[in-house]
Amino acid sequence: MFRLKVLPVSLSLPWGLNVGDMLGHLPLPAKITVEALPPIYLREEFGAEPDLDEVYDHVTRLMQDTLDAMAAERRLPVLG
C-alpha cells in the first residue's frame, strides 16, 4: 500500500503501542542550564601573536571548569 516491506512497531509514551510511527513521539522533559562566561580578550591575555594551542587549552580549561562546577551544583544525576 505504501511500498513498505516492513511496518515499524514500537512502544512509546504516551501512546503505548505505536504502529508505523503515525502519532510521533513526545520528548521526555529535560532541564537545560546555560551559563555565559565573560568574554576572552585574546590580545590582552596572550599578546599580539597568540599561540593557538595555548589559547585552545585555556578556553577548553575554562569551559571544563565551568561544566564541573555546574555538575557539582546538581542534586540528582538524571533529574537535575
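Coordinate-derived values only; no laboratory data. Please read these numbers as outputs of a predicted model, since none were measured by experiment.
Taking amide H as placed 1.01 Å from N in the peptide plane, the amide H of residue 18 sits under 5 Å from that of 10, 11, 12, each at least 5 places away or on another chain.
Fully extending the segment from residue 17 to residue 58, taken as 0.36 nm per residue of separation minus the present Cα-Cα distance, adds 9.8 nm.
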